Amino acid sequence: MQVTINGQQREVLDGMTLVQMVDSLGLIGMPMVAEVNGEIVPREAWGTFVLPSGARIELVRFVGGG
Amino acid sequence: MSWQPPALPPGALARLAAARVLILGLGGLGGHVALLLVRSGVGQLVLVDGDRVEASNLSRQPYFSSQVGWWKTEAMATLLRQIRPHIGLTLVPRYAAPADLPSLAQGCGCVVEAVDGAETKAGLVEAALREGYAVVSASGIGGLGGTLAVRRLGRLVVVGDETTPCAGGTPPLAPRVTAAAALQADAALAFILQPPEGQWAGDQHKRAGQCG
């Protein structure tokens, strides 16, 4: 199925969870906030959150500095 | 001589005066954000930082050598009151954790994330978004040169490229950190004066007459 990640269309497996998608991008373990279709998905729910077809996913990465 | 508000319509000034903004972290980002919001007419700030001013901060943070050793909350309050003596301030001299967010942000229309650590940033931003607040964050503001990205996602604005940490070969430098802070303050003012469509915590608080 198709999803959009940070504005870019990608083909992912049906039934993929958010954490699997983040892993497939090589971003697992990085401090991030994830929004799917405009709704924040809490970090602890990434493992069970199945991406809907056509999902618009925004991943915001955090690096240090303030 | 006293502070005079910026050239905005009376309704906008009233909105700013009624607004309460939570600033998490008072370093090079949050310290400058606080100064800019107070100059612009925001009525109340909640300032959260568990650090004291250190000599090493003076290269980019808006403090003075006479303030080394002070709590940053106290040092910042002193500076802000030199601009507007009667500004409404709530000082919280400790480090913010995501679990504290609901109580810290009570009555605020906008949350500014300006802490140092990446994990803490992510936790605070997630907590604030879950609580329904408009959030202005910064990530990836190290080094110098090039443009500063601003990413807008509904109730979240992120300043920086989300990639370049303030570390190693890209240390935090005053011009870029201050520029990022100014973009954060601009985004916070926009949330107060031009709130995005849909339901968010700022609307609920406005209805309660608490802030803008």
Quiz item: For the protein assembly as shown, taking Cα atoms only, what is the radius of gyration to one decimal and the Dmax to the nearest whole Å?
Solution: 18.9, 66
Quiz item: So which residues of segment A:21-66 lose at least 50 Å² of accessible area, probe 1.4 Å, when you go from the chain by itself to every protein chain present?
Solution: A:Pro31, A:Val33, A:Ile40, A:Val60, A:Arg61, A:Phe62, A:Val63, A:Gly64, A:Gly65, A:Gly66
Quiz item: Quick one: with all protein chains in place, what share of the accessible area of segment B:10-203 is carbon or sulfur, to the nearest percent (1.4 Å probe)?
Solution: 55
Quiz item: So, in Å, what gap is there between the alpha-carbon centers of segment A:3-58 and segment B:25-54?
Solution: 34
Practice problem: Determine how large the accessible area of A:Arg43 is when every protein chain is in place; take a 1.4 Å probe and give Å² rounded to the nearest 10. | Solution: 90
Quiz item: Under the definition of Cα pairs under 8 Å and six or more residues apart, what whole-number percent is the relative contact order of chain B?
Solution: 24
Quiz item: Given 0.36 nm per residue, what is the gain on full extension from B:His86 to B:Ser2 after removing their alpha carbon distance, in nm?
Solution: 29.2 nm
Quiz item: Expressed as a whole percentage, what fraction of the accessible surface of segment A:2-61 belongs to carbon and sulfur atoms when a 1.4 Å probe is rolled over the protein heavy atoms?
Solution: 49
Self-check item: Residue-normalised accessible area of segment B:10-203, given per residue in Å² at a 1.4 Å probe
Solution: 38
Practice problem: Only helical DSSP H runs with n ≥ 4 go in: add -39500 (n - 2.57) per run for chain B, normalise by residue count and round the 222 nm mean residue ellipticity to 500 deg cm²/dmol. | Solution: -11000 deg cm²/dmol
Self-check item: Interface residues, segment B:136-157 - accessible area loss of 30 Å² or more versus chain alone, probe 1.4 Å
Solution: B:Ser139, B:Arg151, B:Leu153
Quiz item: When the chain is fully extended, how far beyond the present Cα-Cα distance does B:Ser66 get from B:Glu54, taking 0.36 nm per residue of separation?
Solution: 3.3 nm
Practice problem: Ignoring everything but the protein chains, give the 1.4 Å probe accessible area of B:Asp116 in square angstrom, nearest 10. | Solution: 100
Self-check item: Whole-Hz ³J(HN,Hα) from phi, Karplus 6.51 cos²θ - 1.76 cosθ + 1.60, for segment B:78-95, glycine and proline x
Solution: 4, 5, 5, 6, 6, 8, 9, x, 10, 4, x, 10, 10, 9, 10, x, 8, 7
Quiz item: Accessible area lost on pairing A with B, both sides, 1.4 Å probe, Å² to nearest 100?
Solution: 1900
Quiz prompt | Set of segment B:36-51 residues, backbone N closer than 16 Å to the point 7 Å along the Cα-Cβ line of B:Ala179 | solution = none
Quiz item: Per residue, how much accessible area does segment A:2-61 show when a 1.4 Å probe rolls over the protein heavy atoms, in square angstrom?
Solution: 53
Practice problem: Specify whether the C-alpha gyration tensor of segment B:38-190 places it in the rounded, prolate or oblate class, a ≥ b ≥ c being the square roots of the eigenvalues: rounded for a/c under 1.5, otherwise prolate if a/b is larger than b/c and oblate if not. | Solution: rounded
Practice problem: When a/c is below 1.5 the answer is rounded, else prolate if a/b is larger than b/c, else oblate, so apply that to segment A:2-61 with a ≥ b ≥ c taken from the square roots of the Cα gyration tensor eigenvalues. | Solution: rounded
Quiz item: Label B:Thr147 and A:Asn6 with points 7 Å out from Cα along Cα→Cβ: what is the distance between them in nm?
Solution: 1.7
Exercise. For every helix of n ≥ 4 consecutive DSSP H residues, a contribution of -39,500 (n - 2.57) applies; sum these over chain A, divide by its total residues, and give [θ] at 222 nm rounded to the nearest 500 deg cm²/dmol.
Key: -2500 deg cm²/dmol
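The values are calculated or read from the model by the stated rules, or taken from the named source; none is laboratory data. What you see is a predicted model, and the numbers here were worked out from it, not measured in a lab. Counting neighbours? That spans all protein chains shown, and the Cβs are built from the backbone with ideal geometry, glycine included. All accessible areas refer to the heavy atoms of the entire protein, side chains included, with ligands and DNA or RNA removed. Shrake-Rupley method; radii C 1.70, N 1.55, O 1.52, S 1.80 Å.
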